[in-house]
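To start, the structure under review is shown below, and the notes come after it.
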Amino acid sequence: MIRVFLVDDHELVRDGLKALLTGIPDIQITGEASSGQELFSKIITEQPDILVLDISLPDMSGIEITRRITKEYPVIKVLILSMYTHEDFVLNAIKAGAKGYLPKNTSRNELVEAIYTLDRNEEFFGQTISRVLVKSYVRQTKDKQSLPEKTALQLSDRETGILRMSVEGYSNKEICNKLNISIRTVETHKNHIMKKLGLKSTVELVRFAIKNGMIEI
């Protein structure tokens, strides 16, 4: 089972998340907290695999919590679920160690896919957050006066299509529906893409896609 711990200062939000995730195969809600202090008082005994965490909490920020979790409990993966999707929040969360970031208006399917993805030691960012990452990288490169030179692609047409859709924020399920292939096939292609390109994160994948003119900017 994937042990999930919820952290949000609104009881209604936590109850909603529990309702959404109850009955999902292989996912178990092991605990919840309304503040950072409450989280750290429970986390040793709860020992979750994934922390679903809000950015705004009464005693400390989700960024601060993420940084501390990454340092003290590196096996726990942090999924930020927040109404704040501004570039600063997203980038600071990633720098702090968050492995996923979703807006609070995300769908149940996307939330479940994010949890499964993080459990496989991969990163997950929804369409909204992927667009934020793309815009951030474009702005940074423009500030440096020029985009990186293009490099030769090592990908097949199918891999190129999957890379493009991934960077644009399509979920694995959406990709498999569009291409009429299985989710397992999509995941296999993604693994091959990362290995071929020598990349380790979604941010690096975004940079590669922009560098090679694979997405509109």
Picked from the stretch 16-30 (must be assigned to a strand (DSSP E or B) and among the hydrophobic types (A, V, I, L, M, F, W, C)), the residue surrounded by the fewest Cβ atoms within 10 Å (Cβ to Cβ) is ILE29
Of the residues in the stretch 185-206, those that are modelled with pLDDT under 85, more than 20 Å from LEU102 (Cα to Cα), in contact with a helix residue (DSSP H, G or I) (Cβ under 7 Å, 6 or more places away or on another chain) and part of a helix (DSSP H, G or I) come to LEU197
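A quick yes/no check of all residues on (1) surrounded by 13 or more Cβ atoms within 10 Å (Cβ to Cβ); (2) out of contact with any His (no Cβ under 9 Å at 6 or more places or on another chain):
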{"residue": "ILE2", "(1), (2)": "yes, yes"}
{"residue": "PHE5", "(1), (2)": "yes, yes"}
{"residue": "ASP9", "(1), (2)": "yes, yes"}
{"residue": "VAL13", "(1), (2)": "yes, yes"}
{"residue": "SER41", "(1), (2)": "no, yes"}
{"residue": "ASP54", "(1), (2)": "yes, no"}
{"residue": "SER61", "(1), (2)": "yes, yes"}
{"residue": "ARG67", "(1), (2)": "yes, yes"}
Residue hits (the stretch 207-217; part of a helix (DSSP H, G or I), aliphatic (A, V, I, L, M) and in contact with a Lys or Arg (Cβ under 9 Å, 6 or more places away or on another chain)) are ALA209
Scanning the stretch 1-15 residue by residue, those among the β-branched types (Val, Ile, Thr), within 14 Å of LEU51 (Cα to Cα) and not in a strand (DSSP E or B) turn out to be none
In the stretch 165-184, anything surrounded by 15 or more Cβ atoms within 10 Å (Cβ to Cβ) and either within 24 Å of LEU102 (Cα to Cα) or modelled with pLDDT under 85 (or both) is listed as MET165, SER166, VAL167, GLU168, GLY169, TYR170, SER171, ASN172, GLU174, ILE175, CYS176, ILE183
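The values are calculated or read from the model by the stated rules, or taken from the named source; none is laboratory data. Everything numeric in this text was worked out from a predicted model, so none of it was measured. In this analysis, Cβ positions are derived from the backbone assuming ideal geometry, glycine residues included, and neighbour counts consider all displayed protein chains.
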